[in-house]
Amino acid sequence: MRDVARDPAALELLRVQRSQLADRMRPPWWYLTGAAIGWALVFACPFGSRYLPHADYWTIVVAALAVACLLQLGLDRATGMKVGPRPLRVLRDGIFYYRPGRPALIAMLVVSLAATVTEASLIRRGLLVAAIVVAALAVVAEMAGQQARLRGIRQELRAGGGAA
Amino acid sequence: MTAKPDPLIHPITRLSICGLLAAGADWIEFAALRDAAGISDSVLSKQSRVLEDAGYVKVRKGAIGRRPRTWFRLTAEGRRALEGHLAWLAQLEEAVSGSARDVQQALRSPFESVVVAPLAGTETTGVVER
């Protein structure tokens with residue numbers, strides 16, 4: 001077995017291997033399509049709460065959650081990695097480090113809240129077309145945020161997650 | 001974190017396994033870990049068992065349909081050992097590159113005293129004479 005101390009390129013090799021691992025964290029086409037459908041369902045909720053009976057509204061919410069769970073399971077299998085829910089910062093050696101995907105995640109939360117409130121307000125005033133445009137823009141913004149979050153995860157995998 | 005070598009993760013295959021598991025994913029599947037580490041199935045099985053016995057790696061076995069799937073994750077103990085070992089390796093690398101610099105300096109010094117310095121002196125003299 002090769003010995004690290006006699007191999008000066010050991011740390012470099014580890015960096016290359018981490019980079020290969022990070023490259024696996026690329027979402028397949030169906031993940032992005034499914035995520036867009038999931039977000040579309042989320043932003044359809046203000047319409048549902050206004051125009052659908054109570055039971056049908058909850059069907060949309062459950063469908064959105066089911067899509068999110070299925071997509072996460074599929075991504076885990078496709079990439080061979082389970083990343084799971086990630087805290088916005090980690091404590092190492094008594095210091096808090098902000099994770100690379102943090103700004104994207106915060107932006108996604110802000111966009112989802114702002115878009116839902118704006119849509120509800122526009123629907124109340126009867127501006128349906130404007131509400132649909134807001135929902136469509138929100139889906140695009142969420143997809144961009146999701147891509148940025150995955151880039152952050154790849155960046156963290158390349159960097160070694162703080163270990164080394 | 002104290003920089004100290006860990007004999008268990010000193011071999012490069014085990015270092016690769018631990019280093020990849022510490023990279024940021026919660027769990028990594030057998031095939032993904034094998035491909036990223038560039039090792040064979042049997043080597044990964046053998047080395048992961050050693051790490052599991054030492055309490056550095058947690059192994060979870062399952063199946064998708066009829067296909068068996070094995071997932072790995074680094075334990076807190078494994079992460080501590082790896083961080084200490086990597087810090088020690090970084091120190092070692094620094095020491096090796098530092099001593100290489102000293103050797104280069106030592107090799108360059110006699111050369112400079114014998115060849116470069118007289119030449120520099122000549123040049124300076126040349127400039128003054130002009």
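Remarks
- Selection status of A:Val62, at pLDDT 90 or above and farther than 26 Å from A:Ala22 by Cβ: no
- Within the range B:54-73, residues that are in a loop (DSSP other than H, G, I, E, B) reach partners that are open to solvent by 40 Å² or more (accessible area, probe 1.4 Å) and β-branched (Val, Ile, Thr) with beta carbons closer than 9 Å, at six or more positions or on different chains, in the pairs B:Tyr56/B:Val50.
- When B:Glu52, B:Glu77 are screened for being open to solvent by 50 Å² or more (accessible area, probe 1.4 Å), in contact with a strand residue (DSSP E or B) (Cβ under 6 Å, 6 or more places away or on another chain), more than 7 Å from every other protein chain (Cβ to nearest Cβ) and modelled with pLDDT of 90 or more, only B:Glu52 passes.
- Restricting attention to the range B:1-35, the residues being within 12 Å of the chain's Cα centre (by Cα) and hydroxyl-bearing (Ser, Thr, Tyr) number 2.
- All positions within the range B:55-70 that are within 9 Å of chain A (Cβ to nearest Cβ) and surrounded by 15 or more Cβ atoms within 10 Å (Cβ to Cβ): B:Arg69
- Residue match in the range B:82-92 (condition: open to solvent by 40 Å² or more (accessible area, probe 1.4 Å), of a type in the set (Gly, Ala, Ser) and modelled with pLDDT of 90 or more): no
- Filtering the range B:1-49 to residues that are in a helix (DSSP H, G or I), facing chain A (nearest Cβ under 9 Å) and within 20 Å of A:Ala78 (Cα to Cα) leaves B:Leu20, B:Phe30, B:Ala31, B:Ala32, B:Leu33, B:Asp35, B:Ala36, B:Ala37.
- Within the range B:8-26, the set of residues being under 17 Å from B:Arg79 (Cβ atoms), without any contact (Cβ under 8 Å) to a residue 60 or more places away in the chain and surrounded by fewer than 20 Cβ atoms within 10 Å (Cβ to Cβ) comprises B:Asp26 only.
- Here is the figure for the range A:7-19: residues that are touching a helix residue (DSSP H, G or I) at 6+ places or on another chain (Cβ under 7 Å), open to solvent by 10 Å² or more (accessible area, probe 1.4 Å) and at pLDDT below 85 total 3.
- Taking first residues from the range A:43-60 that are free of Cβ contacts under 8 Å to residues at least 24 places away in the same chain and partners that are hydroxyl-bearing (Ser, Thr, Tyr), the Cβ contacts under 6 Å between residues at least 6 apart in sequence or on separate chains come to A:Gly48/A:Tyr57; A:Tyr57/A:Ser49.
- Hits in the range A:8-57 (condition: over 30 Å from B:Gly19 (Cα atoms) and small (Gly, Ala, Ser)): A:Gly34, A:Ala35, A:Ala36, A:Gly38, A:Ala40, A:Ala44, A:Gly48, A:Ser49, A:Ala55
- So A:Ala164, is it hydrophobic (A, V, I, L, M, F, W, C), surrounded by 14 or more Cβ atoms within 10 Å (Cβ to Cβ) and modelled with pLDDT under 90: yes
- Of the listed requirements (1) assigned to a helix (DSSP H, G or I); (2) in contact with a helix residue (DSSP H, G or I) (Cβ under 7 Å, 6 or more places away or on another chain), A:Pro100 misses just one: (1).
For (1) touching a strand residue (DSSP E or B) at 6+ places or on another chain (Cβ under 9 Å); (2) away from every other protein chain (no Cβ under 14 Å); (3) open to solvent by 70 Å² or more (accessible area, probe 1.4 Å); (4) farther than 30 Å from B:Pro5 by Cβ, each residue gets a yes or a no:
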| residue | (1), (2), (3), (4) |
| --- | --- |
| A:Leu21 | yes, no, no, no |
| A:Leu32 | no, yes, no, yes |
| A:Trp39 | no, yes, no, yes |
| A:Phe47 | no, yes, no, yes |
| A:Val62 | no, yes, yes, yes |
| A:Leu73 | no, no, yes, yes |
| A:Asp76 | yes, no, no, yes |
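The values are calculated or read from the model by the stated rules, or taken from the named source; none is laboratory data. It should be emphasised that the depicted structure is a prediction, and the values quoted were computed from it without experimental measurement. Cβ: placed from backbone, ideal geometry, glycine included. Neighbour counts: every protein chain shown. Just the protein is used for accessible areas: all its heavy atoms, side chains included, with ligands, DNA and RNA removed. Shrake-Rupley method; radii C 1.70, N 1.55, O 1.52, S 1.80 Å.
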